[in-house]
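Note sheet for the following structure.
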Amino acid sequence: NGLIYVGNNDGVLEFDGDRWRLIPVANKTVVRSLAVDAAGRIYVGAVGELGVLEPDPSGKMRYVSWLDRLPPEARGFADVWRTYTTPRGVLFQAFTHLFRISPTRVEVWRPSTAFHLSSWTGDRFFIREVSRGLLELAGEELKLAPGGERFAEEKIYALLPWEGRWSDLHGTDS
């Protein structure tokens, strides 16, 4: 709708081209990640908080917490560093939890050590777990990606899709 949304230390800022308006999250904390779906809904990952922006009765956007959708034992998380919209629901990633929330289901994964960062790449979700490696979300399971153990101690900050062949880079097919 021609608006810009920015996460910052005070919440979500909405810019209409002329003015900035602050939309605070429920616990009035830092917003770390935002994602938008094909319908234009904006999802918010913050410190100890996650949810969505929805219009109030007057049409102004407001923050609606989804914390109450989580099981009580899964609510103790800090920064939601990454948020993604996917065909199977919205993914919210913190170092201690991964959440997938759809209209009918809430799924929670916890690492045995700690998650690092994640990527939604080419319709696939990958996340690095410290001391374990690069994992891929396959259905309801986080599985070690082929060769993923290489990243047990190496941090990954971004993954990008690549449609080429290995030989295009290295001159061999191995």
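Read the figures in this text as sums done on the coordinates, not as results from a lab. Everything numeric in this text was worked out from a predicted model, so none of it was measured. We place every Cβ from the backbone using ideal geometry, glycine too, and count neighbours over all the protein chains shown.
Extending 7 Å from the Cα toward the beta-carbon at both Phe15 and Arg105 defines two label points whose distance is 3.9 nm.
Once the Cα-Cα distance is subtracted from the 0.36 nm per residue extended length, the Val64 to Arg41 segment shows a gain of 7.1 nm. Counting Lys and Arg as +1 and Asp and Glu as -1 over every other residue whose Cβ lies under 13 Å from the Cβ of Ala114, the net charge comes to +1.
With each label modelled as a point 7 angstrom along the Cα→C-beta vector, the Asn27-Asp123 pair spans 3.6 nm.
When both segment 43-109 and segment 1-38 are represented by their alpha-carbon centers, they are found 15 Å apart. One entry in (i) 35; (ii) 66; (iii) 38 is percent of Cα pairs over 26 Å apart calculated from the shown coordinates; its label is (i).
Considering only GluC sites (Glu not before Pro) in DSSP loops that have at most 15 other Cβ atoms within 10 Å, the longest stretch of the chain without any of them is 1-139. Pairs of Cα atoms nearer than 8 Å and 6+ residues apart set the relative contact order; for segment 3-48 it is 30 percent. Where does the charge balance sit around Glu14 when Lys and Arg score +1, Asp and Glu -1, over other residues with C-beta under 15 Å from its C-beta? Counting the neighbours of Glu14, the net charge comes to 0.
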